[in-house]
Structure formats: C-alpha cells, structure tokens
Amino acid sequence: MSDILVKIHRAAPYGMITLRGDLSSTALQKAATDAAGVAFPETGMCVFEGKSGLSWMSPDELLVLMPHDQIQSTLAQIEKALNSTHFLAADVSDARAMFTITGPHWRDVLAKLTPADVHPDSFQQGHFRRTRLAQVPVAFWQSSADTVTLICFRSVADYVEGLLVNAGRAKSNADYF
Amino acid sequence: MSTRLARDGRFLNKSKAIKFTFNGKQLRGFEGDTLASALLANGQTLVGRSFKYHRPRGVVASGAEEPNALVNLGAEGRFEPNARATTTEVFEGLKAASQNHWPSLDFDVGAINARLARFLPAGFYYKMFIHPRPFWKYIYEPFIRQSAGLGKAPKARDADTYDHFYAHVDILIIGGGVAGLAAALTAGKSGARVLVIEQTAHWGGRAPVDGGTIDGLDPDEWVKKTLQALEKMKNIILGARMMGTGIYDHGYVLGYERLTDHTPDQDGPRHRLWRIRAKQIVTATGAIERPLSFAGNDVPGVMLASAIRDYVVNYAVSPGDRTVIVTNNDDAYRTALALKDAGLEVPAVVDARPEGGGALMQQVKDRGVRVLTGKGIAGVSGGKQVQGVKICAQAGEGAVLEEIPCDAVAMSGGWSPVVHLWSHCGGKLLWDQEKAHFHPDIGRAPTGADGEPFVIPAGAANGSMSLANVLAGGVAAGQMAVERAGLKPKRIATPEGDSVTEAPMQPVWMMPQGAGVKLRNKMWLDYQNDVKVSDVQLAAQEGFESVEHTKRYTTLGMATDQGKLSNINGLAVLSNALNADIPQVGTTTFRPPYTPISMGAIAGEARAELFQPIRKTPIHEWHDDNGAYWEPVGHWRRPYCYPRDGESHADAVNREVTNTRENLGLLDASTLGKIVVKGPDAGEFLDMLYTNMISTLKPGRCRYGLMCSENGFLIDDGVVARIDDDTFLCHTTTGGADRIHAHMEEWLQTEWWDWKVWTVNLTEQYAQIAVVGPNARKVLEKLGGMDVSKDTLPFMAWADGQIGGIDVRVYRISFSGELSYEIAVRAGQGRALWDALVEAGQEFGVMPYGTEALHVMRAEKGFIMIGDETDGTVIPQDLGLHWAISKKKDDYLGKRAHERSHMVDPDRWQLVGLETIDGSVIPDGAYAVAGGTNENGQRNVQGRVTSTYYSPTLKRGIAMGLVHNGPDRMGERLEFPKIDGTSVFAKIVDPVFYDKEGAKQDV
Amino acid sequence: MLILTCPYCGVAADETELTPGGEAHLTRETVGADDAAFEGYLFKRENPKGVHFERWRHAYGCGKWFHAARCTVTLEVFGTYPAQTTEPPKDIRDKITAKRPGWSWRDFG
C-alpha cells in the first residue's frame, strides 16, 4: 500500500511577474488584464484561465502568471502600457518554486502546516491566500476540485517539498476535512 | 490484596489477553486495561515511591489526576518518564518500571528520609542549604541533584514522529462526558462547525459508572445512541484520546491527541498537537474527587471512592476483599453499592456527617452494610498495604473507638469541578459554601477579541452534581455557544436525567477535626511531593500567607500533577491556619498544560532535516558535489571552503586566497540581497536610507553605501547600482536582504507614504557569481559576448550583456581588492554560467573560494563586515568611514543620532589594523588590556579585536579592532591576554594591509 | 495568541503571521530636535494598562503595516486601521469611548 496521501509535484518553471502600482488605477487594471487575459482579481482573490492569471498580493501588488516562454513579451507589454505612470514590474519567475498538491486530502495536508483556515467553507476556488507554511512564507490557491497550487521562494523549495511529503504520508492522515 | 474479578468490565475485552512487564516481571492484562488497572489486577498495589520521603505509594485515582502511579515506560528511543499508569493503555509488550527508588521498589534506602521526617519540614531545603555558602557548590547542590526528580531523563533520540494540525471551528467542546455530548448534540443540530474532544479513549465520562437513567435509558445506552447521532453529522468531528491542554487568548486552544501510545507498532505520528481556533469553547471537563485528610491516608490501598468504583465497574478489578468507605457526602455510597454488586465486602461506611446521608445511605444499609455516622478515621494500619483502619469520633481528637480490619479504603472528601481550562485565559471562580468547591463565575468569563465571553462551562465542571442538571447544563451551553458564535440555535429536547437525590455534604478538611500534631504529621495533602497538613500549617505560622508563596515554600501542588487532588484541601488547611475564608485566600494560578504533554508534540514536524528551513542557492548542488564545507549564514548554507584530499580547512582557505590573488577565484555570491527601488522619489528615498549621497549616482555606475538605524548604529552596507533615472538596485548583506527590504517598506508605508517609490526584493531571482583575480577578465573574454574591458566597463560601473550566450548583468565591484566582476544571472541560469566559468577557467587556474577566503581577503583590504566590525553599537564614524557620510544632506536615518554627545565622544573606540609582533593570530574576540583594574578586579581594557585571520598573502596574523584613540596611536604595542594565561602583543597599524592604493582592483 | 484582522487584505491573521512593531503614532524627530525630544522619539514608550495603539505588520501575508487599537489587559481589539494616518480614526475612538469611558492615551481620548 502506498504511503502517499496526496501527489506532490514540483512544477516546471512558471512565468511570474510582480507588478507594483496603484491597483485602483484603470490604466494599471487594463494593463494587467490585457497582459494576463483574465479579469481583474478582487482583494484576496485570483483569476485564472489556463496557464495565465492574476493574483491579488497586496493593495499595491499583483502577481501576473503566465507560461514561462511568455515572460519577456508580457513584461514588455506591461512596460509599454504603463510607460508614463509610476509602477514597477519585475520578473520573479526564477525567485519562486511552485508545487501542486493533488488528491482529496490536500486540505488535511495543508492544515498540518499553515495557520490559515483551509476549511471548504472558508477557502475555495478563487481565493488566494498568502500565509505561512511551517517556518516560511507561501501563497496558495485551489486550482481544481482536488488540487491546490502553492508557491514559495526558490531557496526553500527543498524544505517546502520536505514539509509537504512529510505531512502527506498516508499514515499520518488526520482525515479532518 | 487487589485482584481481577470474574465478572466483565465495561472497558475490558476479556477474550484478548495482553502480556506486559513491570520492573521486569511479566504480567497479564486484558485489552482495554490501563496500566493501573492491570497492575491492580495483578495484586501490584505498591507502584512507586514518593519524592521526598520515598514513602510507598499505590494507585489513588483512575484518571489524569493520579499523583502516585508514575512510571518509566518503554526503552531507548521510546523511553518516557513520569507516565501516569492510570492514563496509559496497556498493549502487548509494554514495559514499565517504577521510579524514585533504590535499590528496589520493595526495599528503598531513601525511605530513611521518612524516619527523618521531623527534620525535613516545609521549607527544609531553603532553611538547610543556605549556610555555609561554600557548601552550596560542592555538597548541597550535588546532593539535591542526586535526589531531585522522579523519572529519569531520556537519553536516546526520540524514535517516534509527531505532527501538528490547525483546526478552525465555530464551537469546540472539551470533554466527552454526557454534558459534553449533550452540548455537542445541540451545537451540531445548528449546523455549526463543531469539534468535540475527549481525553480518554471512552465517551460518556462518569455517568455510566455512577448510574441513573437518561431519557429512561441506561447512561451507556444513551451515550451509544448519542454518539451514533453525532457521527452522522458532517459538521461534527469527534476526537477521542485528545486532551484540551490549554485555552489561550482569542479562542486559541491546544489539543493533545495521543494517536499510537496504545498501539506503538502502528505506523504514523505518535502524538498530534492540535492548534485550534474556536469562536466559542464549552468546557465540559468534569470534576475530580478530593481525598480526605486522615492519618495514614497515603498507605497503598487507600484510594478515591470513585476510582475504586471505576476499577470495579470498568476494569473488573477488586481493590481488596474488604473495603472500608470513608466519606463526607452521599456519592461515596455508590462505591459501596458497586462493591456489593461485585460480591465484595464493605465492613463499614464511615460517614463524618453526624446525621449521615440520604437515600443512597439507606440503599447501602438495606444491603446489610454497617454505617457509622459522625465518625472518622484516626489511623491506617499497614505499611505497604492497608491492613485496617482505626475509627474515631470526627468531632474529637482521635481516640480510637475500634479497629476494623480491611484491605482497602475508599475515601471521598467531595468533588471539585475541573476549572483549569476555564481559568487559563482569565475565567474567574466562585466559592460554593454548600458544596465546598470552586466553580466558574459565569459573569466573569474569559473574553475574546470582541470583548465578549468565549468560554462556557457545562456539567460537573460548572458545579452541577446531579445527572439532570449536568444534561440540562450541557444543552444550555450548546445553545449559548451557537448563539454567541453568531449562528441560529435549533431547539432540541433536553435529555432527561434521573438520579437519586443526595443529602448535603459536609466539608471535612481534617479527620478528626481536633487531630493533634502527631496525627497531622501523617495526613498527606500532596502525595507526589510529600506535603502534609502539618507542613501547610507550619508555612502559615512562618508567615507564608499567600497561597502562591505557600505553594513554593511547601511544594504543595507542584510537579507533574500540579495538585489536582491536593490544592483545595491544602487551601482549606491554609485558610484555617490563617483564620481566613477560603475564597479570601484564593487558589494558585491555573496554567497550561492541564497535564504534561510530550516535547515531541510541541516540536511537531520541526526536527532533523525539517528542523528549520535551509536556503539553497542555485549553485548549492555543485558546491555539495565538490566537497564544500558548509557554513550556516542565516538560514542559508554557504561554502566556507572546499577542502581537497588531506587538506585542513585552514590549508584550503590559504590555497583559495592565494589562488584568487594570483590566478582566478569564483565565489557564489547569490545570497547577497538585491532590492530594486523605483520611482520618481527613489533617489530622495535612498538618500534618506543611506548615510551617503545616492541620488547623484549616474546611471550605469555603482556606489558603496552605509545604512544606519535611527539610533545611528550601522545596520547594513552594500553597493547601489543606478539602473536608470528612476531605478536603483541596492545590494545588501546576505543576512540583511529580508530585513532591509522590510526596513524600506516600513519607512515607505509608515512615514513617507506620499513618496512615489516601489520596491521589490529580487534576491532570489538572480544567481550572482564573483569572478575574481588577475585572470578574471581573461576568462570572461574567452567566454565572450560583451566588452568587459577597463574602458567600456571601468571599476564601479555595471553593464547588461551576454557572457557565453547567457544574459547577464555585470558589476565591476570588488570585495577582495582584486580585479573583480560580479555577474548577476537569472537563477535558473546560475548553474550553467558557473559551469561555463569553471570549464573556461581551467587554463587560468580557476578555483572556487568560500566565505572564509572572502573574509581573509576583505580583512587584508581593511574592508569592514557587518556583524564583525559592527555589533549594534558601532557607528560609521567609529570605523573611519567618515567619507561615506554625506555632509551635504539635511537628513538621513541616523543623522540626528550621530549628533548625540555619546556619538561624538572622542573617547569612542575606533578602527585600526593590528599586526602581531610574533606573526601569530590573535584569538577571536580578544581584548586589549590597559593599566589598573575595574571595580570587579578585572584588568581595564582599551580595545577589542573585531576580525582576526591568518593572512596567507602577508604570511602573518592580521586583525582589525576597535581601540581607544586608535588612529592616533599608530605603532603602539597592545597586549591581548589569551585564555591560556599568556598574551599576544600587536602593533597598531593602518587597517589596509594590502594594496592600499587600490591599484589591483582598478585595472 | 492574538488574531488581528489586516485592514488591507481582510485576512483574520494569526499572531504567527504577523510581526509586532511597537507603539503607533510616533512622530519622527530628526535634525534640529533637542535632546529631550529626540530621546522621547527613540526611547520613551507608553506602557498602559488598558487601551493601547500598536503597529503590526502582516509579514506572512500582504506585507502591509497597520495599526491595532487593543486593550492590554483583556486583549480586546477595538479595531485595526491602515498605518497611513497620524491619529486613530474617529469610529475606533468612539468605539473605545463606548467600551472604556474616560480612556485616554497620549493626546487622544
């Protein structure tokens, strides 16, 4: 019998751009939605279509997600659109690692490591939660019915993978959710 | 002697025998036994020795409150001391050993202390071990250390795993007795998210043992039915073997789940620490029976009446053929009935109340049991086992009226609600004169973030003592919790409890009430710590009026049980001695944990490779493959050096330094902080952050800058590159990246929020490789792709381009004094560039170098290092960095502080170089001594070493240090005493030892 | 173990997701300030038994600094509000007045 409760997969490099600016400005909203091809996210939320998306990071920060080969073109597009405004767009793709945790018990695995409430009443598809996973900062969102996607800093990717694999041992399932 | 009964026990599976050992002797129990019940079933009434007098100790209780039956469990990686036998479920192969005795449990030399009891009164240790002072270290402390402690500390690494679980619920119900279950049913019906936890393996609490009916059903049947209903509700989670450990601020609760203690062969975590956030908490934690204070109440075989009932009913254990019951209330009569039902003898019930009890007493009398009213126990015969009791008048002084032979004594001094969890977070208590106990003061509950109460007591924990009240209280608590959690309660029919009406109890704090000192000397309050009635009275007499002081002075209520049995009795004795009311004296503070929890559970997953995050650069693996000796720098691991076969670390460092100075060195500098600062106000912002002027920097150029706190002290340094008019890239120290980014954000968000500046921490986006040495340019030119000549890319300039086909940004900055290029590359390409440089560099003598070689080279150049030359009290002026402090700027962080009198004091120690006379290396942290001594008789000091290394370049020890008037004392000799008593002497020199003109880096 | 709701992202954050930042509403003193004023800015802090205003950063979340009005005795939280202000907002002060009549803190009350 397998000892793996959920499938933990370290994703291939993914395109990510940090966009800092006035999120209430229509110019920025337009630049972001044009670049990602999705609607503008509300506070604490994310919007995805396929591999592209926008995540609300803070009142003045968005994370633009895209396929890895579109980083430069997307960055150029944003730079061009916001040229005359006060903003900062930076490629952070290599600064991050991305994991998917797949299986009906993904909430049980996350709940061992994060103080965030991941109960289905509190955390659903569309939510983008920045929080703590054991001792490091992470963000995660539910990417499908039985998958949660999590990003962390690249330097601690091995630590995060270790945490997830350890928490994902079938024999330690809390089976709470 | 205690033994197993032929009948069934509620918790026992008699078809499944289990073998275990106690002190090496193999014994048999059944599935469902606790270690305590199994030991009693095997006639093992003596289970341990007390802390101070090494008195024989037997099982007293049947649950978490047990003070005596503490054992060492398991061995090696699964060894655990101080485990309570009463909460340890037996399993096949369990190994237990008794504690605190030598050479054996039966014959213990330490028991001599008991003979000396009159010389070991309360506060003995404080009184005895003070004088003469010198005795403390060599005689008293070793003696105390040898005799201190009950169990042994484990030596082996814990073989089990542990984890944590964060649960967020509307309502947490602590306690799975009938009150908790009634509350759960009520809360569950409303649709609230509910978690119900029960510290034992069994639901239903005491009700099934104590009798009565619920909705006309036997309590066992009702519990089973209710559990089935609860299990069907998706919004309810039931957690058995999970103790409510503590209630903290804002509805935070720790739950301690014991997953595999009873099945140690099962894979998976042993304990799970639940970190629960609840909107409302119901504490249905029950009540604990109190012992009675009579002489000899600690002899093995004297037990709580309720515990004896539990052993008979739940575990089919007889405490002995003949049990005398002594009580001040009706409840203990239930024990008499249980014993009679089991076919055992009850020679007498000794009831301290002159009128005796009510209906329960009548039932007992009807069974032919002799009931003595207005009587007490004047003494217990027997040493390691009860042999009989001496009867006296409760009202008198203890004249023996008769002796009754017996094997066990069941005592009941009344019941105390378990108010611990209610009290942890500030819940207050009320004294109930009639029931003689503290119960929660509902009007003064713990309050949460909204200022409203968040804890609701229910059942016996709330002072309800009849089944009907317990159930009604449970339902009411459930309703109230639902309402307060902001949900709509659904009405449910309150389960109807029916039990015998009880006559009032009568407080009995001493038996008999007029006992003389001889008897009081043998009345144990705290069994674990050997505190007697006489000790508490002595403490009061000596002026320890506060209950908290009395606790510390006498040790009453200390150690693993924290006085669950003894506190109220002790408090009553203290109150009497002080001639004060009990509520006036008050209780000691209830603090978590309710009972001790494992260290492993607290650590959770944070052990071994998950103990803390280790940050790895994109080139980490190469370093590992190439023999790097690692140095932790913050959470990062950086290569200290790369020792080759047979090389010491010092040899490796010297080789790396020499090779870098003569040929070509590569350093993984990826850990350096890289923060982008952009916006129309970015220049002004950085002028505030750095002590020097940054806004005048030209795009394409780099400048070294210093940062100070508002206190004026240096907090970081690094090179700033101007990318374009609006954009800067700030390099920070390795340890400073997150801190300095947070520092920038703090000032932007909280002080200058109208400034147009954005920051992004790009530290991890890039790998950074320092290509250093006379051959640095050659290797880059060989790889090709961009012009790295002095003309195009001079010292302190940067340029974007390609090296070997990889997009890079190259900074001409040097921390070694050599020709140096720091090359930033996307992290994903970092390893590829490193590999390319290693390969292309072969013909130029390339070698990687580590952090120690970096340190040696920067010290040779007189460059300061944050954390070496600075320690949070050093200002740039101390380090001769006046040139990096702008005089043109009106303001910068730390500027006002630099004007303070202490900062401009000419007596501040200042940075100099130190050259040892004999060429040796000054020890790290050494102080330069001056004439005379200070008030402690220590030699005065006039400076200290901040960095000290062997310089393979100069072939001698070099150092930097802060010295009084240092820069004015060039050439003077200083003495640095070493710990071996000798001294090393050094000459004050310029801190720049190597290439003072900077010719080598600017080529 | 407090829970404070971040006024920027609305997350009810666990204390372990936050970092504390000491007293709120300090006025920065700098060049030109006399020694007493500068000492006050650097070192003098309120230590009230009761109503207090503090700085917190949602460090493991949106990264924003915010202020919290809190009772140091009961840990009741009267409200949280963005850091870009020099004084507590009126609605929070009114709420405190309703719950702790007669309160005062530095110049506020």
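Every number in this text was worked out from the coordinates using simple rules, so none of it is lab data. Everything numeric in this text was worked out from a predicted model, so none of it was measured. Here the Cβ positions follow ideal geometry from the backbone for every residue, glycine too, while neighbour counts run over all protein chains shown.
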Compute, for chain B, the length of the dipole vector about the Cα centre, with Cβ point charges of +1 (Lys, Arg) and -1 (Asp, Glu) only. Units Debye, rounded to 20. 2440 debye
Which distance in nm do the two modelled labels at B:Ser104 and B:Gln541 give, with both placed 7 Å along the Cα-to-Cβ direction? 4.0 nm
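With a/c under 1.5 counting as rounded, go ahead and sort the stretch B:895-945 into rounded, prolate or oblate using the C-alpha gyration tensor (a ≥ b ≥ c being the square roots of the eigenvalues; past the cut-off, prolate if a/b is larger than b/c, else oblate). Intermediate values should be presented prior to the final figure.
On the way: a/c = 3.05, a/b = 1.43, b/c = 2.14.
Note, shape of the stretch B:895-945 comes out oblate.
Assign unit charges at the C-beta atoms only (+1 for Lys and Arg, -1 for Asp and Glu), then state the dipole size of the protein assembly as shown relative to its Cα centre in Debye, rounded to the nearest 20. Numbers along the way, then the final one.
Numbers: 137 positive and 153 negative charges, 590 e Å.
In total the dipole reaches around 2840 debye.
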Inter-chain shielding of A:53-66 (mean C-beta neighbours from other protein chains, 10 Å cut-off): 2
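By how many nm would the segment from B:Ala608 to B:Asp450 lengthen if fully extended, with 0.36 nm per residue of separation less the alpha-carbon distance?
Values: separation 158, 0.36 × 158 = 56.88 nm, distance 4.03 nm.
Gain in length upon complete extension: 52.8 nm.
When the dipole is taken about the Cα centre of the stretch B:224-343, and only Lys, Arg (+1) and Asp, Glu (-1) are charged at their Cβ, what size is it in debye, to the nearest 20?
Working: 16 positive and 13 negative charges, 124 e Å.
So the dipole magnitude of the stretch B:224-343 works out to roughly 600 debye.
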For B:Lys522, which lysines qualify as cross-link partners when the Cα separation must be under 24 Å and same-chain residues fewer than eight apart are set aside? B:Lys52, B:Lys127, B:Lys375, B:Lys384, B:Lys390, B:Lys532, B:Lys551, B:Lys564
Take every residue in peptide C:82-88, count the Cβ atoms of other chains within 10 Å of its Cβ, and give the average of those counts. 2
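Pull out a ≥ b ≥ c, the square roots of the eigenvalues of the alpha-carbon gyration tensor of the stretch B:688-773, then state rounded if a/c is under 1.5, prolate if not and a/b is larger than b/c, and oblate in the remaining case. Before the final figure, lay out the partial values.
Numbers: a/c = 1.45, a/b = 1.30, b/c = 1.11.
Judged from the Cα gyration tensor, the stretch B:688-773 comes out rounded (a/c under 1.5).
Rounded to the nearest 0.05, what FRET efficiency do A:Glu49 and A:Ser24 have when you use their Cβ-Cβ distance and R0 = 30 Å? Spell out each step's value before the answer.
Details: r = 23 Å, r/R0 = 0.77.
The formula returns an efficiency of 0.85 here.
If we sort B:906-916, B:347-357, B:321-331, B:696-706 on the protection proxy, mean other Cβ atoms within 10 Å, highest first, what's the order? Show your work: numbers first, answer last.
Numbers: B:906-916: 19.3, B:347-357: 22.3, B:321-331: 25.4, B:696-706: 17.3.
Per-residue mean Cβ counts within 10 Å order the peptides as B:321-331, B:347-357, B:906-916, B:696-706.
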Taking +1 at the Cβ of each Lys and Arg and -1 at the Cβ of each Asp and Glu, which of B:Met1, A:Ala145, B:Leu819 sits farthest along the dipole of the protein assembly as shown towards its positive end, judged by Cα position relative to the Cα centre? B:Met1
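Assign one of three labels to the stretch B:318-413, namely rounded, prolate or oblate, based on the Cα gyration tensor with a ≥ b ≥ c the square roots of its eigenvalues; rounded applies when a/c is under 1.5, prolate when it is not and a/b is larger than b/c, and oblate otherwise.
On the way: a/c = 2.00, a/b = 1.09, b/c = 1.83.
In terms of gyration-tensor shape, oblate.
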Given a cut-off of 18 Å, name the pairs among C:Lys64/C:Lys90; B:Lys861/B:Lys955; B:Lys189/B:Lys234; A:Lys30/B:Lys678 whose C-alpha atoms lie farther apart than that in the structure shown. C:Lys64/C:Lys90; A:Lys30/B:Lys678
Most positive-pole-ward Cα, B:Leu667, B:Ile281, B:Gly563, against dipole of chain B from beta carbon charges: B:Gly563
Along the positive direction of the dipole of chain B (beta-carbon charges: Lys, Arg +1; Asp, Glu -1; about the Cα centre), which of B:Val517, B:Asn68, B:Pro417 reaches farthest? B:Val517
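Using packing as a proxy for protection, rank B:241-247, B:843-849 so that the peptide with the highest average count of other Cβ atoms within 10 Å comes first. Mind showing how you got there, number by number?
Working: B:241-247: 24.7, B:843-849: 20.1.
Highest-to-lowest ranking by the protection proxy: B:241-247, B:843-849.
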Quick test of your reading: applying the under-4.7 Å Cβ rule, which cysteines of chain C are isolated? C:Cys6, C:Cys71
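When ranked by the protection proxy of mean other Cβ atoms within 10 Å per residue, highest first, what sequence do the peptides C:63-69, A:82-88 form? Before the final figure, lay out each step's value.
Numbers: C:63-69: 24.3, A:82-88: 16.0.
Ranked from most to least packed, the peptides come out as C:63-69, A:82-88.
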Kindly provide the pair-distance distribution of the protein assembly as shown built from C-alpha pairs, with 10 Å bins from 0 and whole-percent values in order of increasing distance. 2, 8, 14, 17, 17, 15, 12, 9, 5, 2, 0, 0
Simple label model, 7 Å out from Cα along Cβ direction - C:Lys95 to B:Val633, nm: 4.6 nm
Within 10 Å of each Cβ of B:762-771, how many other protein chain Cβ atoms are there on average? 3
Among the aspartates and glutamates, select those whose C-alpha is under 13 Å from the C-alpha of B:Lys95, and discard any that sit fewer than 8 residues away in the same chain. B:Glu76, B:Glu80, B:Asp261
Simple SL model, points at 7 angstrom along Cα→Cβ for B:Asn934 and B:Leu401; separation in nm is 7.4 nm
Using the Kirkwood radius over Cα pairs, work out the Stokes-Einstein diffusion coefficient for the stretch A:67-152 at 10 °C and 1.306 mPa s, in µm²/s as a whole number. 107 µm²/s
Which ³J(HN,Hα) values, rounded to whole Hz and listed in residue order, are derived for the stretch B:714-723 from phi using the Karplus coefficients 6.51, -1.76 and 1.60 in 6.51 cos²θ - 1.76 cosθ + 1.60 with θ = phi - 60°, glycine and proline given as x? 5, 10, 6, 8, x, 9, 9, 10, 8, 7
What is the spread of the Cα atoms of the stretch C:3-99 along each of their three principal axes, largest first, in whole Å? 41, 32, 22
Reachable aspartates and glutamates from B:Lys490, Cα under 13 Å, same-chain residues fewer than 8 places away excluded? none
